[in-house]
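The values are calculated or read from the model by the stated rules, or taken from the named source; none is laboratory data. Source: prediction; values computed, not measured. Cβ: placed from backbone, ideal geometry, glycine included. Neighbour counts: every protein chain shown.
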Ligand SMILES: NC(=O)c1ccc[n+]([C@@H]2O[C@H](COP(=O)([O-])OP(=O)(O)OC[C@H]3O[C@@H](n4cnc5c(N)ncnc54)[C@H](O)[C@@H]3O)[C@@H](O)[C@H]2O)c1
């Protein structure tokens, strides 16, 4: 399974290099150029991937109070997505959205045209499906641009290693890079993290994450409708990216990474291995048509840390099954509610025993007023780093969280125990050559005669997920 290891490809080496668990890169004292904001002090923003989150992230960027910001260029592969995003942002932010028609680009190479139109020190937002992250990041580094990229940042071994190398290049150019793991910017989780580090629940022995609800987003798909509705199979797969492991890491990576990231952050460590299981109970939609995507509909993964502590991640997308969406951490002296509701929702609390009741509560997070929204906090933190030249690179922990997520997914998909090093050093690249794609390129996974794509077969396919 392993190929030759580069100096940074074992978990141990990586943790040694980046600190116990990376938060921002440690660059203090290193002489590197200051890539400051443009001369007139206005930071221009490029939005690459104008969907739901991209529109939200651009809105957050324009809402920061750290100095003048304008949205100056937009890119998508679908004109209607871009127009919808532009109209929404223009209505809300008026003159802060300054994107004339010749600064709006459609197509796979639109990111180059957009970034070519920017100045060093501006910020590019990457909110396409994750498969394009390394392509866009590479070009942004060449252009001297700061970056905000959404999670997850990788779904396979080769691109994880590539992103780590690119992260070093971004450091060498003193670029500031944010990753959309917003739990880390939730003030209640930051306060809880400090209290857990201070020993308030003792040694962390067990953690539990639950994201169990009905089917959401594009995780389950019926067969590609073909022409004339959806002439390009590739673009249709991009539209339904949660259905395809190459595009998103599937529902496991896209949906569970927030709990996986913030629980490991509470433990201040990454797990060394995972084993897990899952299944697809319903292979047909309620109207009887077959589902053709690559996901399972339920997962339980057991992660193990170097000290033997365990973390169980439970995920399910089944109609009518019990809904649970929260995260807990248990220590030798008590327990903590981390996300009370959803990916990060507060209040967080600490309890003096293993029962999360009001009577056992010793601390509960407060209201943080203007800092209640972690999506805005992550932008204020990034802009503060850019304007005041503070070291800021979230890619190392963004990649680590993505690798840990992928190793759990791969463990369930193959039915094997997968170590962190197995995942990071795996040779299967899910979207090879993606940097050269055109609108006419074939998709990286093709369907069979029934319109179905290759699915995981735990115990039968052991070395690869499909
Ligand atoms: N942090 C969070 O809480 C959070 C929430 C939602 C989504 N996300 C992440 O944001 C990303 C986008 O998710 P979304 O829900 O906005 O999806 P979306 O489908 O609404 O938006 C993605 C957009 O990117 C465009 N696109 C795809 N490939 C492109 C390319 N090569 N070049 C330019 N544009 C391209 C699509 O046409 C679409 O408009 C995902 O990685 C997702 O995991 C994060």
Where a residue in the range 140-159 is closer than 27 Å to residue 427 by Cβ and its partner, wherever it lies, is more than 16 Å from the ligand (Cβ to nearest atom) and modelled with pLDDT under 95, with Cβ under 8 Å and at least six apart: none
Positions within the range 297-347 being in a loop (DSSP other than H, G, I, E, B) and within 16 Å of the ligand (Cβ to nearest atom), in sequence order: 338, 339, 342, 343, 344, 346
Which listed residue is farther than 20 Å from residue 456 by Cα, without any contact (Cβ under 8 Å) to a residue 24 or more places away in the chain and not assigned by TED's automatic domain parsing to the domain that holds residue 52, from 239, 227: 227
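Does the range 231-258 hold any residues that are within 13 Å of the ligand (Cβ to nearest atom) and either assigned to a loop (DSSP other than H, G, I, E, B) or touching a strand residue (DSSP E or B) at 6+ places or on another chain (Cβ under 8 Å) (or both), and which are they?
Of everything in the range 231-258, those that are within 13 Å of the ligand (Cβ to nearest atom) and either assigned to a loop (DSSP other than H, G, I, E, B) or touching a strand residue (DSSP E or B) at 6+ places or on another chain (Cβ under 8 Å) (or both) turn out to be 232, 240, 244, 249, 251, 252, 255, 256.
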Positions within the range 326-344 being in contact with a helix residue (DSSP H, G or I) (Cβ under 9 Å, 6 or more places away or on another chain) and surrounded by fewer than 15 Cβ atoms within 10 Å (Cβ to Cβ), in sequence order: 342
The range 98-114: number of residues that are in a strand (DSSP E or B) and in contact (Cβ under 8 Å) with a residue 40 or more places away in the chain: 0
Test: residue in the range 137-148 that is in the same structural domain as residue 45 (by TED's automatic domain parsing), touching a strand residue (DSSP E or B) at 6+ places or on another chain (Cβ under 7 Å) and within 15 Å of residue 434 (Cα to Cα): yes
Residue list for the range 171-180, filter: buried (at least 19 other Cβ atoms within 10 Å of the Cβ) and part of a helix (DSSP H, G or I): 171
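Buried (at least 19 other Cβ atoms within 10 Å of the Cβ), modelled with pLDDT of 95 or more and within 15 Å of the ligand (Cβ to nearest atom), is that true of residue 220?
Taking the combined requirement at face value, the residue does not satisfy it.
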Hey, residue 138 within 24 Å of residue 40 (Cβ to Cβ) and either away from the ligand (no atom under 11 Å from the Cβ) or outside any helix (DSSP H, G or I) (or both) or not: no
Looking only at the range 58-97, and only at residues there that are near the ligand (Cβ under 8 Å from one of its atoms) and assigned to a helix (DSSP H, G or I), the one that is surrounded by the fewest Cβ atoms within 10 Å (Cβ to Cβ): 81
Hey, residue 465 buried (at least 19 other Cβ atoms within 10 Å of the Cβ) and modelled with pLDDT of 95 or more or not: yes
Residues (farther than 12 Å from residue 266 by Cα and either in contact with a strand residue (DSSP E or B) (Cβ under 8 Å, 6 or more places away or on another chain) or surrounded by fewer than 24 Cβ atoms within 10 Å (Cβ to Cβ) (or both)) located in the range 181-198: 185, 187
Condition met for residue 162 (touching a helix residue (DSSP H, G or I) at 6+ places or on another chain (Cβ under 9 Å) and closer than 18 Å to residue 400 by Cα): yes
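Within the range 422-444, track down each residue that is more than 16 Å from the ligand (Cβ to nearest atom) and over 15 Å from residue 275 (Cβ atoms). Walk me through how you get there before you give the answer.
So the first thing to find is which residues in the range 422-444 are more than 16 Å from the ligand (Cβ to nearest atom), and the list is 422-429.
Across the range 422-444, the qualifying residues are 424, 425, 426, 427, 428, 429.
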The listed residue being part of a loop (DSSP other than H, G, I, E, B) and more than 18 Å from the chain's Cα centre (by Cα), out of 200, 191, 168: 200
Residue among 199, 180 that is away from the ligand (no atom under 16 Å from the Cβ) and either assigned by TED's automatic domain parsing to the domain that holds residue 235 or in contact (Cβ under 8 Å) with a residue 60 or more places away in the chain (or both): 199
Considering residues of the range 98-109 that are within 11 Å of the ligand (Cβ to nearest atom) and surrounded by 19 or more Cβ atoms within 10 Å (Cβ to Cβ) only, the residue farthest from the chain's Cα centre (by Cα): 105
Test result for residue 124, in a strand (DSSP E or B), within 20 Å of the chain's Cα centre (by Cα), buried (at least 23 other Cβ atoms within 10 Å of the Cβ) and at pLDDT 95 or above: yes
